[in-house]
Structures are given as structure tokens and as C-alpha cells.
Amino acid sequence: MFGIGKSAEERRREKERKKRGTRKYGQAELKQSRKGILSCISGAGGLLILAGCIFYAFMARGNAHGIIGGMAIVSLILSINGIRLAIRGFGERDRNYLTCKIGLPVSSVSLVFFLAIFIGGLS
């Protein structure tokens, strides 16, 4: 039990042990950024939806109308949300930012693919 019935030395030692964490050499293991995880999921989801739209359009031989457009807009929203979450994830303190570093380029690639297809369709 922390505090009651212990000497000052025992409390100090227990406090140091808790502060050290479970890792060797006293550094606590960092958790992944929550917004970074959501960014990875959002970016990958947007990329998968966009790839599914392209696949369905090829299978329907160009006769895919509103459903493909709607799903492509959902892909656009997911990729923009992924970029926003990745940038905000870098602001979280004492976290591992690997998922933010992965989610940002995945979401950016999804956004670039969407814009390339959209601009290619206009011309």
C-alpha cells in the first residue's frame, strides 16, 4: 500500500520504482498516439474504398453511376480526416508517433489518387 504505515524511505523507494516504469534503465514504454491510430485506419479505409470504386467501375464497364461517386466522396472525406488526425496526433505528449508518421503519407496518397482521377475525368 502506498503511503500509510510506511517510513519515509520506503515511500521514496516505492515512488522511484513507480516512476521508473517497467522498462530497464528507467524509461517507461510509450504508447501509440490515439489520433495516429485513427489516422492510419482512416487513410487505409479511404485508400481501400477508392480502390474498390475503381475495381467496380472496371467490372461494370463504365456503367457505375451514383454509387461510385458517393463512395469516392466518402474516400475523399476519410483521407482528409486522416491527414487532420495525423497532424493533431503529433501534438499528443509522451506518445510514440509511428502511427502518425504512417497515417499521414497513406492519407496523402489516397487524396492524391482521388484528385488525379477527378482531374483526369474532367479532361
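Within segment 13-123, how many lysine pairs that are 8 or more places apart, or on different chains, have C-alpha atoms less than 17 Å apart? Could the numbers behind the result be given before it?
Working: 15/24; 18/31; 19/31; 31/101; 35/101.
Pairs that pass both the separation and distance tests number 5.
With a 1.4 Å probe and every protein chain kept in, tell me what percent of the accessible surface of the chain is carbon plus sulfur.
Values: 5910 of 9070 Å².
That fraction is 65 percent.
The angle between the Cα long axis of helix 8-20 and the main principal axis of the chain comes to about 20°, on a 0 to 90 degree scale. For the residues 30, 111, 78, a GNM of the chain with alpha-carbon springs under 10 Å puts the largest fluctuation on 30. Over the chain, with a Gaussian network built from C-alpha contacts below 10 Å, which listed residue (52, 36, 89) shows the highest mean-square fluctuation? Of 52, 36, 89, the Gaussian network model singles out 52 as fluctuating most. Using a cutoff of 8 angstrom between alpha carbon atoms and counting only pairs six or more residues apart, the relative contact order for the chain works out to 33 percent. Using r as the Cβ-Cβ distance of residue 117 and residue 87, and R0 as 35 Å, what FRET efficiency do you calculate, to the nearest 0.05? Efficiency, from the Cβ-Cβ distance: 0.90.
With a probe of 1.4 Å, find how much accessible area the chain has per residue, and write the answer as a whole number in Å².
Details: 9070 Å² over 123 residues.
Normalised by residue count, the accessible surface of the chain is 74 Å².
Taking trypsin sites (Lys or Arg not before Pro) as exposed when their DSSP state is a loop state and no more than 13 other Cβ atoms lie within 10 Å, the longest site-free interval of the chain runs over 24-60. Of the listed values (i) 41, 40, 21; (ii) 40, 30, 22; (iii) 79, 22, 20, grab the one calculated as Cα extents along the principal axes in Å from the structure here. Label of the calculated value: (iii).
The values are calculated or read from the model by the stated rules, or taken from the named source; none is laboratory data. Quick caveat, the model's predicted, so the values are computed rather than measured. Every residue, glycine among them, receives a Cβ derived from its backbone with ideal geometry; neighbour counts consider all protein chains shown. Each accessible area value is taken on the protein alone, full model and side chains, heavy atoms only, with ligands, DNA and RNA left out. Shrake-Rupley method; radii C 1.70, N 1.55, O 1.52, S 1.80 Å.
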